[in-house]
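To keep things clear, I will list the structure first and then write my remarks on it.
Read-outs: derived from the displayed coordinates by stated rules, not from any lab. Keep in mind that this is a model prediction, so the values were computed, not measured. FYI the Cβ positions are ideal-geometry reconstructions off the backbone, even for glycines, and counts take in every protein chain you see.
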Amino acid sequence: MNNFYKRFSLYLQKNKMISKNEQESYEYACKVFIHGIINIILTIIIGLIFGMIKETLCFLISFFLLRKFTGGLHAKNYHTCLIYSTILLILSLLTIRLLIRTHTDLFFVLLILSEVSIWLFSPIVNENKVLSLKEKKIFQIISIGLSLVVLLFIIIVINKEPVVAYSIGTGLIADVVDVVKDNQYNDNHYVYLRSTNNDSFLSKIKVKEFPEIITFRSLGKNSLNYESQKINCIVKYTLPDDKRIEVGSINCITNKSQHSLVIGIGRGVNKETINKLCMLSKEYNIKVVCTKPLVENKTFLFENQVGQSGFTICPDVYLALGISGSIQHLLGIKNCKKIIAVNTDELANIHSVANFSIIQDCNIFVDKLIEYIEKRKQLKGV
């Protein structure tokens, strides 16, 4: 590589782009630039391998910001420096992975110790960069300011929900997929539904105190649609052995259908069309399912409900009629191979997961579909 740097600087000098006196400086600048690019590429690769690209970028930004003013260990050659930097990155990622979720207290202790060490020991001067007393003082002030900014950046970027919850002394219910009213309490109490064991089970969490931080599972743009459940309150989540919380029933979520075609009915389908679809399903052995509101208004039984609090399906084709696409329902159809959505609302969430979207009144669509089937039957009969 050294030959490459020399050739590059010679090329610039021969073409009179730089003077002979500048040749050595440009050779060094080229070396620093290439080494920097290699470091960044290697860092991103390691982040991708660990599946922690967000944390890796956080490390990279923090390292570059602090290194200039705090100083530190300088290796004798580039390869040794690269090895040390790689080991430091891997140890940092392992620390985040092991501590951030399970040992938040210890993670915060390490952050505070790092902060204190910067305040006490920065800047660390080396023989290649001698600083005056005034420069040391300036660098120390800048280092302390930057370290505080980096600390805030880490809290915000890396798994912000549990860290923020811990910081303000409250609890967290994460990955909530549905919210239902609890009739045993007043209007301020809810039962929170969240899946466990890779979406195989659904647990109901009932809480009795405030406040609380809750995160909802997201499925793409505009996926969270709780029109009837505007949650302005947040509740206190504590350990199961605490009297302030009750962990309710855990329901197994099974695959309800192995049919090649399943028709899903939502609130946009009127009763007349529902009757037509039920007759069609009996004649052609097509499975008909529904969304949660149609079970709540007793149009269908619970055994027909598809969603996080119902059943999951995985047919070859799922025809969604008049379904807006609440997150609870989308989780129940996520394994469908093809989804055809029929809805008059172009912004309905169901279109974000559909392979084919038809912007039309689903009742008119069903009439046209039945008309087409009847014509096909007549042609075959002829």
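Pairs to check: K287/K368; K271/K334; K338/K375; K20/K76; K282/K368; K298/K375. Give those whose C-alpha atoms are more than 23 Å from each other in this structure.
Beyond 23 Å between Cα atoms: K271/K334; K338/K375; K20/K76; K298/K375.
Considering all projection directions equally, how large on average is the shadow of the alpha-carbon convex hull of the stretch 271-368, in square nanometres?
Its Cα hull, projected and averaged over all orientations, spans 5.9 nm².
Could you work out how much longer the chain between K68 and K271 gets when fully extended? Use 0.36 nm per residue separation minus the Cα distance between them, nm to one decimal.
That pair, K68 and K271, stretches by 66.0 nm at full extension.
Between I124 and residues 5 or more places away or on another chain, which pairs have amide H atoms under 5 Å apart, with H built 1.01 Å from N, and which residues are they?
G71, G72
Please find the FRET efficiency linking T344 to T215, where r is the Cβ-Cβ separation and R0 is fixed at 25 Å, and quote it to the nearest 0.05.
Calculated value: 0.20.
Pull out the extension gain between K14 and E296, defined as 0.36 nm times the separation in residues minus the alpha carbon to alpha carbon distance; nm, one decimal.
Result: 93.3 nm gained on full extension.
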